[in-house]
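Below: one structure, written as structure tokens.
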Amino acid sequence: MRPDTAEPSGDEAGEGFDSWLALQRVTDSTRANIVADVVGHPKGAPSVDELDYTNPSLEADTIRNHLKVLAEAGVVEELTVPAGQRTRGYPYKFYRVTEAARELFDRNGLFPAEAWQRQYDRVEKTTEIKELEAMPRPEE
């Protein structure tokens, strides 16, 4: 079975989005786990701190490197809290799946949001992680 890599239509097409490259990048098991955690996050946009908690075998820098690869492929995008609105001691960068990637995943039955949200909800979380989850995310 070949994946449906037909480009999204209309406004949903990310400019320059390469479906095949996106699929190649998410087939790495570590990046697939990160994408699943992004999809499953209650606000759909976790911080590196939250991803570090849900991926204890990875260092935060390793997660950042994987997020960079995913961003370069158009799979995730970085949301940044503007400088004047940041709170000291809290993350100001968050990551969410792009519209083009979400459409690609939906066409191919990958990373179903409802299933990953249920899975994410089952993870036991510390008070700090619950606080991070509740933080507002930027709307870029």
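Coordinate-derived values only; no laboratory data. Here the structure is a predicted model, which means the values were calculated and not measured. As a convention, Cβ positions derive from the backbone with ideal geometry for all residues, glycine included, and neighbour counts pool all protein chains shown.
Lysine pair count for the chain (Cα-Cα distance under 17 Å; residues 8 or more apart in sequence or on different chains): 5. Using helices alone, I'd like the mean residue ellipticity at 222 nm for the chain: each DSSP H run of four-plus residues gives -39500 (n - 2.57), total over residue count, nearest 500. Helices in the chain give a 222 nm mean residue ellipticity of -14000 deg cm²/dmol.
Among 25-32, 82-89, 39-46, sorting by the average number of other beta carbon atoms lying within 10 angstrom of each residue, highest first, gives 39-46, 25-32, 82-89.
Averaged over residues, the count of other Cβ atoms within 10 Å places the peptides 47-57, 108-118 in the sequence 47-57, 108-118, highest first.
Under 1.5 on a/c is rounded, so check that first for the stretch 67-140, then, if it is not, pick prolate when a/b is larger than b/c and oblate when it is not; a ≥ b ≥ c are the square roots of the alpha carbon gyration tensor eigenvalues.
oblate
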